[in-house]
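*Asks:* Quick one: structure below, then a few questions.
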């Protein structure tokens, strides 16, 4: 659409609608949502776990979305691997840090390709992966195993291989979270983090993977983080100095810039969603991820439409944005086929989980048939970013194929009386099934014989015991552990972050 001085309110809303991505509840495209999409010209949605039940339902939903949004629809998913996957029944990809532990470019390429084959068959053409954040803060509450590692060049190479595999199968990637979410101890879903480092240090670390990927990544997602040495006044998502001055002008980046979810508290709680959306677009973003409610999406649309009408967002800038978004949709069209699981893809994923398995502190295998006490959390709630962890009973049942297992669960590691555990000669295993680090109570009062770190590898540093690190809790991780316990697999992964020497 070409703007003229006599643009109507309906046209303004449709222009605004092309610059946002929304989410919606439910597993079907109801009439009200379909009407909202049509009325506002929205061509981009992101689907989450709550939108999915199985392949048949999901394929129908994405087909209905394409029918409403048109041939240039952008249908997105967070299918990173590890704990951050939305379609949980397709072959489970290892986490980025698991691939960093395996340190094999070909394996990363094949994994990215296998992920893409599954999500494309389900009707997606845009995957918000891979993560380019360098996890150089062991207390990071939201990145951790989602990162390929802490060394900029190698992390970027592994991520680029993963991305190349995805692109070869026709699914566009979006690297994240520019300029880097790795060195934070605050989750931007909950508050506004700050990364206060000299520019030279940012260039050497955080920025380096994104600069390496800038020539190949069709899209980058912004971080809701303040980098005072780059822009003391604005988080990156709303920083013209960062998005336009550095990314567009200095780096000559030609791809799409999309914000992270603007419903996140770091943004919505401080700036208001409508105001923040306009500020992100004027800073240089091409698309705003309006993942809140219908009401906040309406607020976002109204604010953007008003900014277009006033000239705050120029006609020329809008046309450039629409051209970039259209080019992405044309280069990576939704060409859904019926999903049929490929056994070879499941083998690729299993290979990744097995080759990433990492031994820490010289763990020893218990004898076959040994009496084992497994200790684990009672609950496995989602942290809002990742899927819920593996239930303790599932871990116990997996181990029961090898041992006589007694399961004991606790509610809170910080208040649990670790001294209450029986001292009866059973071989003791701790299974860590959440991302939360352990506090002093667990650190100081118990030492199991073996720690199964099934999610956040940094948990192995909290418990003074030998450990196996899987970087995730999917079924292939449990199978890899059993292969090690039975003596048929060695744990040859190497942790790609500092602190595990």
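*Asks:* Looking at residue 458, is it within 25 Å of residue 490 (Cα to Cα) and either not in a strand (DSSP E or B) or not assigned by TED's automatic domain parsing to the domain that holds residue 81 (or both)?
*Replies:* For residue 458, the condition - within 25 Å of residue 490 (Cα to Cα) and either not in a strand (DSSP E or B) or not assigned by TED's automatic domain parsing to the domain that holds residue 81 (or both) - is met.
*Asks:* May I ask you to list the residues in the stretch 238-267 that are outside any loop (DSSP other than H, G, I, E, B), surrounded by fewer than 24 Cβ atoms within 10 Å (Cβ to Cβ) and under 20 Å from the mean Cα position of the chain (by Cα)?
*Replies:* 256, 261, 265
*Asks:* Test residue 368 against the criterion of being under 19 Å from residue 487 (Cβ atoms) and either touching a helix residue (DSSP H, G or I) at 6+ places or on another chain (Cβ under 9 Å) or in contact (Cβ under 8 Å) with a residue 60 or more places away in the chain (or both), and give yes or no.
*Replies:* yes
*Asks:* With 348, 313 as the choices, which residue is modelled with pLDDT of 95 or more, touching a helix residue (DSSP H, G or I) at 6+ places or on another chain (Cβ under 9 Å), assigned by TED's automatic domain parsing to the domain that holds residue 226 and not in a strand (DSSP E or B)?
*Replies:* 313
*Asks:* A further question follows. Does at least one position in the stretch 75-90 carry a residue that is within 23 Å of residue 343 (Cα to Cα), out of contact with any strand residue (DSSP E or B) (no Cβ under 9 Å at 6 or more places or on another chain) and assigned to a helix (DSSP H, G or I)?
*Replies:* The answer is no, given that none of the residues of the stretch 75-90 is within 23 Å of residue 343 (Cα to Cα), out of contact with any strand residue (DSSP E or B) (no Cβ under 9 Å at 6 or more places or on another chain) and assigned to a helix (DSSP H, G or I).
*Asks:* Okay, next question. Restricting the stretch 233-267 to residues that are over 18 Å from residue 210 (Cβ atoms) and out of contact with any strand residue (DSSP E or B) (no Cβ under 9 Å at 6 or more places or on another chain), which is modelled with the lowest pLDDT?
*Replies:* 265
*Asks:* For the stretch 463-501, what are the residues that are closer than 21 Å to residue 148 by Cα, in contact with a strand residue (DSSP E or B) (Cβ under 9 Å, 6 or more places away or on another chain) and surrounded by fewer than 17 Cβ atoms within 10 Å (Cβ to Cβ)?
*Replies:* If the condition is that a residue be closer than 21 Å to residue 148 by Cα, in contact with a strand residue (DSSP E or B) (Cβ under 9 Å, 6 or more places away or on another chain) and surrounded by fewer than 17 Cβ atoms within 10 Å (Cβ to Cβ), then 492, 494 are the ones that fit.
*Asks:* Taking into account only those residues within the stretch 415-436 that are in contact with a helix residue (DSSP H, G or I) (Cβ under 8 Å, 6 or more places away or on another chain) and not in a loop (DSSP other than H, G, I, E, B), which is surrounded by the fewest Cβ atoms within 10 Å (Cβ to Cβ)?
*Replies:* Restricting to residues being in contact with a helix residue (DSSP H, G or I) (Cβ under 8 Å, 6 or more places away or on another chain) and not in a loop (DSSP other than H, G, I, E, B), the top hit is 419.
*Asks:* At least 1 residues that are assigned by TED's automatic domain parsing to the domain that holds residue 431 and within 30 Å of residue 78 (Cα to Cα) in each: list the strands (runs of 3 or more DSSP E) lying fully within the stretch 358-414 that qualify.
*Replies:* So the answer is 358-360, 371-377.
*Asks:* Being in contact with a helix residue (DSSP H, G or I) (Cβ under 9 Å, 6 or more places away or on another chain), under 27 Å from residue 384 (Cβ atoms), in the same structural domain as residue 287 (by TED's automatic domain parsing) and part of a loop (DSSP other than H, G, I, E, B) is true for just one of 136, 140. Which residue is that?
*Replies:* Result: 140 is the single residue among 136, 140 that is in contact with a helix residue (DSSP H, G or I) (Cβ under 9 Å, 6 or more places away or on another chain), under 27 Å from residue 384 (Cβ atoms), in the same structural domain as residue 287 (by TED's automatic domain parsing) and part of a loop (DSSP other than H, G, I, E, B).
*Asks:* Got a sec? Which of 232, 200, 216 is over 17 Å from residue 278 (Cβ atoms), in contact with a helix residue (DSSP H, G or I) (Cβ under 7 Å, 6 or more places away or on another chain) and either assigned by TED's automatic domain parsing to the domain that holds residue 127 or not in a strand (DSSP E or B) (or both)?
*Replies:* 216
*Asks:* Go through the residues of the stretch 380-398 one by one and say whether even a single one is crowded, with 16+ Cβ neighbours inside 10 Å, in contact with a helix residue (DSSP H, G or I) (Cβ under 8 Å, 6 or more places away or on another chain) and free of Cβ contacts under 8 Å to residues at least 60 places away in the same chain.
*Replies:* Yes, some residue in the stretch 380-398 is crowded, with 16+ Cβ neighbours inside 10 Å, in contact with a helix residue (DSSP H, G or I) (Cβ under 8 Å, 6 or more places away or on another chain) and free of Cβ contacts under 8 Å to residues at least 60 places away in the same chain.
*Asks:* Moving to a separate point now. Somewhere in the stretch 26-34, is a residue modelled with pLDDT of 95 or more, closer than 25 Å to residue 170 by Cβ and either out of contact with any helix residue (DSSP H, G or I) (no Cβ under 6 Å at 6 or more places or on another chain) or assigned to a helix (DSSP H, G or I) (or both)?
*Replies:* no
*Asks:* Would you check which residues across the stretch 37-60 are outside any loop (DSSP other than H, G, I, E, B) and touching a helix residue (DSSP H, G or I) at 6+ places or on another chain (Cβ under 7 Å) and list them?
*Replies:* 37, 38, 40, 45, 51
Every residue, every condition in (1) at pLDDT 95 or above; (2) outside the structural domain of residue 171 (by TED's automatic domain parsing); (3) closer than 29 Å to residue 456 by Cα; (4) surrounded by fewer than 20 Cβ atoms within 10 Å (Cβ to Cβ), yes or no:
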{"residue": "59", "(1), (2), (3), (4)": "no, no, no, yes"}
{"residue": "69", "(1), (2), (3), (4)": "yes, no, no, no"}
{"residue": "80", "(1), (2), (3), (4)": "yes, no, yes, no"}
{"residue": "94", "(1), (2), (3), (4)": "yes, no, yes, no"}
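*Asks:* Turning to a different aspect of this structure: Hey, any hits in the stretch 205-227 for a residue that's surrounded by fewer than 18 Cβ atoms within 10 Å (Cβ to Cβ) and more than 24 Å from residue 158 (Cα to Cα)?
*Replies:* No, every residue in the stretch 205-227 fails to be surrounded by fewer than 18 Cβ atoms within 10 Å (Cβ to Cβ) and more than 24 Å from residue 158 (Cα to Cα).
*Asks:* Among the residues of the stretch 148-159, count how many are in contact with a helix residue (DSSP H, G or I) (Cβ under 6 Å, 6 or more places away or on another chain) and either closer than 16 Å to residue 84 by Cβ or crowded, with 24+ Cβ neighbours inside 10 Å (or both).
*Replies:* First, the residues of the stretch 148-159 that are in contact with a helix residue (DSSP H, G or I) (Cβ under 6 Å, 6 or more places away or on another chain): 148-149, 152, 155-156, 158.
This time we only want the ones that are either closer than 16 Å to residue 84 by Cβ or crowded, with 24+ Cβ neighbours inside 10 Å (or both), so: 148-149, 155, 158.
Residues flagged as in contact with a helix residue (DSSP H, G or I) (Cβ under 6 Å, 6 or more places away or on another chain) and either closer than 16 Å to residue 84 by Cβ or crowded, with 24+ Cβ neighbours inside 10 Å (or both) within the stretch 148-159 amount to 4.
*Asks:* Another one. Do you know which residues across the stretch 406-431 are within 31 Å of the chain's Cα centre (by Cα) and touching a residue at least 40 places away in the same chain (Cβ under 8 Å)?
*Replies:* Residues satisfying the conditions are 429, 430, 431.
*Asks:* Collect the residues in the stretch 277-296 that are within 23 Å of residue 47 (Cβ to Cβ), touching a helix residue (DSSP H, G or I) at 6+ places or on another chain (Cβ under 8 Å) and buried (at least 22 other Cβ atoms within 10 Å of the Cβ), keeping them in residue-number order. Walk me through how you get there before you give the answer.
*Replies:* Quick first cut of the stretch 277-296, residues within 23 Å of residue 47 (Cβ to Cβ) only: 277, 280, 285-296.
Pick out the ones that are also touching a helix residue (DSSP H, G or I) at 6+ places or on another chain (Cβ under 8 Å) and you get 277, 280, 285-288, 290, 292, 294, 296.
Answer for the stretch 277-296, where residues must be within 23 Å of residue 47 (Cβ to Cβ), touching a helix residue (DSSP H, G or I) at 6+ places or on another chain (Cβ under 8 Å) and buried (at least 22 other Cβ atoms within 10 Å of the Cβ): 277, 280, 285, 286, 287, 288, 290.
The values are calculated or read from the model by the stated rules, or taken from the named source; none is laboratory data. For clarity, every value in this text was computed on a predicted model and none was experimentally measured. Positions of Cβ are generated from backbone atoms using ideal geometry, with glycine treated the same way; all protein chains shown enter the neighbour counts.
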